[in-house]
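J.: Handing you a structure now.
The values are calculated or read from the model by the stated rules, or taken from the named source; none is laboratory data. Computed from a predicted structure; not experimentally measured. Ideal geometry is used to build each Cβ from the backbone, glycine not excepted, and the neighbour counts take in all protein chains shown. Please note that ligands, DNA and RNA were not included when accessible areas were found on the heavy atoms of the full protein model with its side chains. Shrake-Rupley method; radii C 1.70, N 1.55, O 1.52, S 1.80 Å.
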Amino acid sequence: MDSLSDLLNTRKERRLGVFLILLSLMLFLLSLFVGEFNLNIINIIEGLSKDNYNIDSVVFQHIRLPRSLLAIIIGASLGLSGAALQGLLRNPLAEPGIIGVSASAALGAVLVFYSGLSLTFPLALPLGGITGALLSVTLLYLLAGRNSSVLTLILAGVAISSLAGSLTALALNLAPNPFASMEIFYWLMGSLSNASMEHVWLLVLPTVLGWWLIFQSRHALDVLSLGEDTASTLGINLATLNKKLILGTALCVGAAVSVSGGIAFIGLIVPHLLRPLVGHRPSSLLFVSAVAGAALLLFADIIVRLLPTQQELKIGVLTALIGAPFFLRLILNSRRAWAS
Amino acid sequence: MIFQRFFLLLIGLYTCFFSTVLFAKPQRIVSLNLCADQLLMELLPPQRLVGVTNMARDPDISFSYQKAKDYHAHSGRVEEIIALKPDLIVAGQFTSSASNQLLETLGYPVIKIGLPYTMAGIFEQIEAIGKEVNAEVAAGSLVNNFKRRLAVLNKKKRQAPLLRAIVYYANGYSAGQQTIVNEILNVAGFTNIAAEEGLIGVAPFSLERLVTSKPDVLILGELTNNESSLAHRLLQHKAIKEMINVGQVEKILVPDRLWNCAGPSSIAAANYLIKLP
């Protein structure tokens, strides 16, 4: 519990943290056992030894497990980067999907994937996503800057999103592959179906690096919420902080998108629901947003599997269905702030 | 009397005129559909089949790609087709309907051919098209040849117990009931698991269902090697490899050109499945 007390300040926050961790664990277990096929636990345990390897353990180890792990890792990255971006830009509507970071990461990944570069060395795929994300966060930071109005940020995001989206479509249409037009949808909406363990390995290193960079700057984020001038008089090196946060978000969002496509709105919903519960303190918000993001994506992924659609619904469709009305409500609530 | 004769002559001329218009045999035929290409190339020489799609020359998807070198290939654009001065256009049911409609509006006779999903349906289609393009003799001998090869195949094919097979395409699709692939599997002596499970047409079949369906034979398209698409990456999924190991599943790669159309290629596809050890 030592590390938890380091990440969360008050006892109430720690209780929230523990609750969210337990919720995620429960959803993780549920996610392992939800599917078209009922797994037999005894077979799975027996299958752990090579001699008794059976079909149940193939499904468990190669279909269910990577999928649930990806939901946890990607959900946490999205929740965390939403909270971090909102702190960095001091703007409540900052979210990787809305401001175009996911779309740019998708573009980077698409370029690497369809050019065949990812065949020569597999890590090229997440690197492509990370490069795309990094370019767009930097561009946004330059375009919309800090302390700019909500409107400027959203409009800059719309511009970047549509540019990246159309370049993705262009790249896919130039790719010599008959499925390209169907796959545009995958990259822009996101999906976890048919994930494999290789994806988890590809994702894990850059993601953990990104998380580490973001968590390192959590105290500086607290100080930054007092305003830039106050922060620099209190000894915060703003340039370093910005670099860390931008690189951290780019690493974890870029890696996530390169594996699953852009899943929207997780990074918007989660920090907003939790912010009042952690006393609006950015440093505490980071950890709970990560855990709750994982829980939300696991939950959405379970729902997608249970829905009786002929072909599985893309998970991004579901998160957008939940997230878009939420986004609208946020905009309506902050209309007064926009007028200023 | 003279008037009566003149009247008869007039009627004669009229019938003559109409019969040439109504019953004229089309001389310049253009195909807008890959499957129609393959059928028509069996029936007509290049002088009468004046245009096939440029897909017909693609060895990955066209069964008669070599034959297609002797025919003129078009890109499917309406102006290009008009320039070929066709007097009959053969399209598929699913050929982009805008160009179909435009050609019909411009007064070109267009016939649309469907996708038969049984061997009997293939025979009917060949004979019907043979009539339309005035190549009944060629159509008749094509059908006879087809039937002869089918009889040979029936003798050679594996008898009971039937092997359980499943077809898996890029993007996680399988072929169920009412598909020519299902008919080919049955003709070659396999039970099609997807059809048994009630899948109709070519429809999504999840990876989990595939892995747990306990097949004896897994049939994949040969385009599997094209890894630069998500659709094909699915076919490389570790779970499929593990299923093949655990269930000792035989894997057969079938070139797509053998069974993306119903017709002359279908018997070749069935033979291909059987000749394998």
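J.: Can you list the residues of segment B:169-186 that have at least 30 square angstrom less accessible area with all protein chains present than in their chain by itself, probe 1.4 Å?
T.: The answer is B:ASN171, B:TYR173 - residues whose exposure falls by at least 30 Å² when every protein chain is included.
J.: Here is a further query. Give me the distance between the Cα centres of segment A:153-170 and segment A:1-78, rounded to whole Å.
T.: Segment A:153-170 and segment A:1-78 have Cα centres separated by 35 Å.
J.: Quick one: if the Förster radius is 51 Å, what FRET efficiency do B:LYS147 and A:LEU151 give, using the C-beta to C-beta distance and rounding to 0.05?
T.: That pair, B:LYS147 with A:LEU151, gives E of 0.10.
J.: Rounded to a whole number, what % of the accessible area of chain A do carbon and sulfur atoms account for, probe 1.4 Å?
T.: 69
J.: According to the square roots a ≥ b ≥ c of the eigenvalues of the Cα gyration tensor, what is the shape class of segment A:103-183, taking rounded for a/c under 1.5, prolate for a/b larger than b/c otherwise, and oblate for the remainder?
T.: oblate
J.: Probe of 1.4 angstrom, ligands and nucleic acids ignored: what's the accessible area per residue over segment B:35-125, in square angstrom?
T.: That works out to 49 Å² per residue.
J.: Restricting to the protein assembly as shown, compute how many DSSP beta bridges are antiparallel as a %, nearest 5.
T.: 15
J.: Taking K and R as +1 and D and E as -1, what net charge do the other residues with C-beta under 15 Å from the C-beta of A:LEU274 add up to?
T.: Taking every other residue near A:LEU274 into account, the sum is +4.
J.: When the helix-only estimate is applied to chain A (DSSP H runs of n ≥ 4, each -39,500 (n - 2.57), divided by the residue count), what is the mean residue ellipticity at 222 nm, nearest 500 deg cm²/dmol?
T.: -24000 deg cm²/dmol
J.: Evaluate the distance, in nm, between pseudo-label points positioned 7 Å from the Cα of B:ARG158 and of A:TRP212 along their respective Cα→Cβ axes.
T.: 5.4
J.: How much accessible area per residue does segment A:93-209 have, counting only protein heavy atoms and a probe of 1.4 Å, in square angstrom?
T.: So segment A:93-209 comes to 42 Å² accessible per residue, rounded to a whole number.
J.: Roughly what angle does helix A:315-333 make with the longest principal axis of chain A, taking Cα atoms, 0 to 90 degrees, to the nearest 10?
T.: 20
J.: Report, for segment B:158-274, the % of DSSP beta bridges that are antiparallel, rounded to 5.
T.: Once the DSSP bridges in segment B:158-274 are tallied, antiparallel ones form about 25 percent.
J.: How charged is the neighbourhood of B:ALA120? Take every other residue with its Cβ under 12 Å from the Cβ of B:ALA120, and add Lys/Arg as +1 and Asp/Glu as -1.
T.: Residues near B:ALA120 contribute -2 overall.
J.: Enter the accessible area of B:MET41 (Å², nearest 10), with the probe set to 1.4 Å and all protein chains included.
T.: Taking all protein chains as shown, B:MET41 has close to 10 Å².
J.: Helix-only estimate, please: 222 nm mean residue ellipticity of chain B, summing -39500 (n - 2.57) across DSSP H runs of length 4 or more and dividing by its residues, to the nearest 500.
T.: -13500 deg cm²/dmol, from helical runs alone.
J.: In nm, to one decimal, how far is the modelled label at B:ILE244 from the one at A:LEU48, with both set 7 Å along Cα→Cβ?
T.: Taking the simple label geometry, B:ILE244 and A:LEU48 are separated by 2.9 nm.
J.: While we're here: Considering only protein heavy atoms and a probe of 1.4 Å, how much of the accessible area of chain B is carbon and sulfur, as a whole percent?
T.: That share works out to 57 percent.
J.: Subtracting the Cα-Cα distance from 0.36 nm times the residue separation, let me have the gained length for B:GLN101 to B:LYS251 in nm, one decimal.
T.: 49.7 nm
J.: Can you give me the span-like helices of chain B, meaning DSSP H runs with 15 Å or more of Cα extent along the axis and Kyte-Doolittle mean at or above 1.6?
T.: Span-like helices here: B:2-22.
J.: Right, something else. Quick one: angle between helix A:282-306 and the longest Cα principal axis of chain A, in degrees between 0 and 90, rounded to 10, please.
T.: Value to nearest ten degrees: 30.
J.: Still on this structure: What do you get for the angle between helix A:11-33 and the principal long axis of chain A? Use alpha-carbon atoms, 0 to 90 degrees, nearest ten.
T.: Around 30 degrees separate the two axes.
J.: Let me ask something additional. Summing Lys, Arg as +1 and Asp, Glu as -1, what charge do residues with Cβ under 12 Å from the Cβ of B:VAL110 carry, B:VAL110 excluded?
T.: -2
J.: From largest to smallest, what semi-axes in whole angstrom does chain A give when each is the square root of 5 times an eigenvalue of its alpha carbon gyration tensor?
T.: The three semi-axes for chain A are 32, 25, 18 Å.
J.: Take segment A:25-80, drop everything but the C-alpha atoms, weight them equally and run the Debye formula without solvent; then report log10 I(q)/I(0) at 0.14, 0.17, 0.18 Å⁻¹ to two decimals.
T.: Listed by q, the Debye log ratios stand at -0.41, -0.57, -0.62.
J.: Between B and A, buried accessible area summed over both sides at probe 1.4 Å, in Å² to the nearest 100?
T.: 2500
J.: Now a separate question. So what is the relative contact order for chain A, in percent, with contacts set as C-alpha pairs under 8 Å and at least six apart?
T.: 30
J.: May I ask you to compute the full-extension gain from B:VAL78 to B:ASP58, defined as 0.36 nm times their residue separation minus their alpha-carbon distance, rounded to one decimal in nm?
T.: Length gained, B:VAL78 through B:ASP58: 5.1 nm.
J.: Sticking with this one: Counting other Cβ atoms within 10 Å, keep those with at most 10, restrict to DSSP loop, and tell me which trypsin sites (Lys or Arg not before Pro) in segment B:104-180 are left.
T.: Here no trypsin sites (Lys or Arg not before Pro) fit, given the DSSP loop and packing criteria.
J.: Which distance in nm do the two modelled labels at A:PHE19 and A:THR120 give, with both placed 7 Å along the Cα-to-Cβ direction?
T.: Spacing of the two 7 Å Cα→Cβ label points: 5.2 nm.
J.: Quick query: amide H of B:ILE113 versus all other amide H atoms, modeled in the peptide plane; which residues come in under 5 Å with a sequence gap of 5 or more or a different chain?
T.: The list, which skips near neighbours in sequence, is B:ALA91, B:GLY92, B:GLN93.
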